[in-house]
1. Taking loop as defined by DSSP and a crowding limit of 16 other beta carbons within 10 Å, which GluC sites (Glu not before Pro) in the range 120-191 fit?
2. Would you mind pulling out the separation of the Cα centroids of the range 327-364 and the range 41-118, in Å?
3. Hey, got a sec? Which trypsin sites (Lys or Arg not before Pro) in the range 442-496 land in a DSSP loop and have at most 15 other Cβ atoms within 10 Å?
4. Can you tell me the dipole magnitude for the range 93-172 around its Cα centre, using point charges on the Cβ only (Lys, Arg +1; Asp, Glu -1), in Debye to the nearest 20?
5. Rounded, prolate or oblate: which one fits the range 346-440, using the alpha carbon gyration tensor with axes a ≥ b ≥ c (rounded when a/c is under 1.5, else prolate when a/b beats b/c, else oblate)?
6. Suppose R0 equals 45 Å; then what is the FRET efficiency for Ala103 and Leu47 from their Cβ-Cβ distance, rounded to the nearest 0.05?
7. Sort 58-65, 315-322, 503-510 for me by packing, meaning the mean count of neighbouring Cβ atoms within 10 Å per residue, highest on top.
8. Among the listed pairs Lys63/Lys505; Lys138/Lys505; Lys63/Lys244; Lys245/Lys445; Lys171/Lys366, which are separated by more than 32 Å between their Cα atoms?
Amino acid sequence: MIMFGFQNCFMFIILCFLSFLCYYLFVKKPSSSRSGFDDLPPSPPSLPIIGHLHLLLSTPTHKALQKLSSKYGPLFHLRIFNIPMVIVSSASVAYEIFRAHDANISSRGPPPIDDSLFAGSTSFISSPYGDHWKFMKKVLVTKLLGPQALERSRDVRADELDRVYARLLDKARKEESVEIIKEVVNLTNNSICRMIMGKSCSEENGEAERARSVASESLALGKKIVLGSLLRPRFKHLVMLLIKKEMMVVSNKFDELFERILVEHETKQDGHQETDLMEALLAAYGDDTAGYKITRKHIKTLLADLLFAGTDSSAQAAQWAMAEIIKNPNVLKRLREEIDCLVGQGTRLIHETDLPNLPYLQAVVKEVLRLHPPGTVFGRISQKGFRMGEYYIPEETSFAINVYAIMRDPDLWEDPDEFKPERFLQDSSRTAEEEEEERREQALKYIPFGGGRRGCPGSNLAYVFLGTAVGMMVQGFDWRIEGGDKVSMEETVLGLSLTMAHPPKFIPVARTARPLTSKCSCVFD
């Protein structure tokens with residue numbers, strides 16, 4: 001009897017503990033979210049424990065949020081478990097937040113796992129707005145992603161573009177099918193590797209393939225990390241423990257790859273090519289008197305961020321671009337005529353210096369990014385509470401800015417779901433003042449790379465990758481769909497990117513028998 005009573009008492013204690021734990025994790029709202037709770041923006045009815053999670057599961061998140069905004073307005077709030085989240089679906093509201101509260105919402109919350117190179121505490125992508133983030137952004141812009149830095153690395157990208165063209169030409173001769181995304185991943189990954197690491201990262205020695213493989217693994221982890229990050233720290237840590245081993249495996253692969261690269265740069269072996277970025281990072285690492293001291297881990301994490309962020313997004317956009325172009329033969333015809341008129345047919349490949357003189361190609365790239373932005377929703381976290389008109393936004397509130405909805409808003413865009421590159425062409429009949437007004441309006445409603453100080457610093461490089469890759473594929477080849485099927489434009493979200501649910505395979509048909517190259521003295525200024 002005593003043993004039976006003890007067992008009952010023990011089970012009762014366990015049940016009480018589990019009940020309290022469930023209440024603490026799922027039901028109890030954080031104190032910060034209760035402050036000003038009555039002044040929060042409008043919200044749909046919620047369910048116990050899960051809040052509004054059920055509203056986001058039936059369709060891709062960006063479309064579910066877009067549908068909710070049509071009923072609850074451009075600024076509304078949700079609760080995912082016990083996390084308050086404010087959704088922004090209007091260009092004007094987004095602009096006001098960036099204008100008045102940019103610094104306050106320029107953080108993304110604490111990193112999932114501190115000691116991981118991938119999305120850890122030293123990550124540029126996930127680090128809070130502060131000295132570390134400011135220093136890394138300055139180095140990135142001046143040494144890698146700014147206009148002058150891109151001009152210095154132009155030959156690297158031209159060489160990689162020639163490689164992709166040669167592979168496509170070989171596929172055309174063999175009448176083999178092509179997955180556009182794989183070819184452009186090779187282009188972006190190899191180019192970024194060489195831009196940040198020099199000759200130590202190339203196809204010949206296998207470094208580019210290793211980097212590409214690790215980057216792919218990190219992308220696969222992205223969705224799990226995003227889902228885990230939706231939870232408050234007390235439950236988020238439990239979720240992250242489940243994927244910590246997987247994250248650390250990827251982190252260790254990054255660490256091994258980048259340590260080898262750093263040693264090669266430090267020892268400056270024969271045939272080694274220094275890069276502006278690596279030189280600046282190693283100089284800052286070795287300078288004990290630097291205003292901001294970085295560690296070896298800071299360097300490795302930044303390189304991991306660049307591979308993670310730069311490899312997939314441009315490739316996804318290029319795949320969408322070719323699908324839209326092939327689906328719209330009039331666009332293909334006009335685009336090819338523009339390129340042939342400037343570059344010439346059968347003379348050389350398109351080059352980066354041609355892009356400013358190809359306005360329709362630029363318009364096609366912009367329209368692709370409007371309809372199919374690589375990131376559909378951008379997340380931020382408020383550091384302090386603030387007011388937005390009649391509403392109060394508590395501190396530590398997650399923000400989700402629905403870029404997809406803003407760039408398909410029928411109040412801002414004519415025929416928003418149609419692929420019309422012409423909307424980005426300048427109207428010669430407009431006055432200079434009208435053109436300037438149009439540019440200001442577009443800056444508010446066209447935000448494929450986010451906005452504010454936390455907007456993507458690699459947008460210039462993305463436009464270069466897309467312009468040259470799409471231009472080369474249109475200039476050099478005709479395209480047939482394998483099996484003769486129509487192109488499906490159905491969307492899905494894989495990891496963090498907007499992807500095609502049914503990516504087509506194309507068969508390239510070479511337009512000229514003579515191989516072309518982008519290395520030619522005949523460029524147009």
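Nothing in this text is a laboratory measurement; each read-out follows from the coordinates by a stated rule. Because the structure is a prediction, the values reported are computed rather than measured. No Cβ is skipped: glycine too gets one built from the backbone with ideal geometry, and neighbour counts run over all protein chains shown.
1. Glu175, Glu176, Glu179
2. Computed from Cα coordinates, the inter-centre distance equals 40 Å.
3. Lys486
4. 180
5. On the way: a/c = 2.52, a/b = 1.90, b/c = 1.33.
Prolate.
6. Numbers: r = 35 Å, r/R0 = 0.78.
Step by step, r from the Cβ atoms, then E = 0.80.
7. Sorting 58-65, 315-322, 503-510 by mean packing, highest first, produces 315-322, 503-510, 58-65.
8. Going by Cα-Cα distance, Lys138/Lys505; Lys245/Lys445 fall outside the 32 Å limit.
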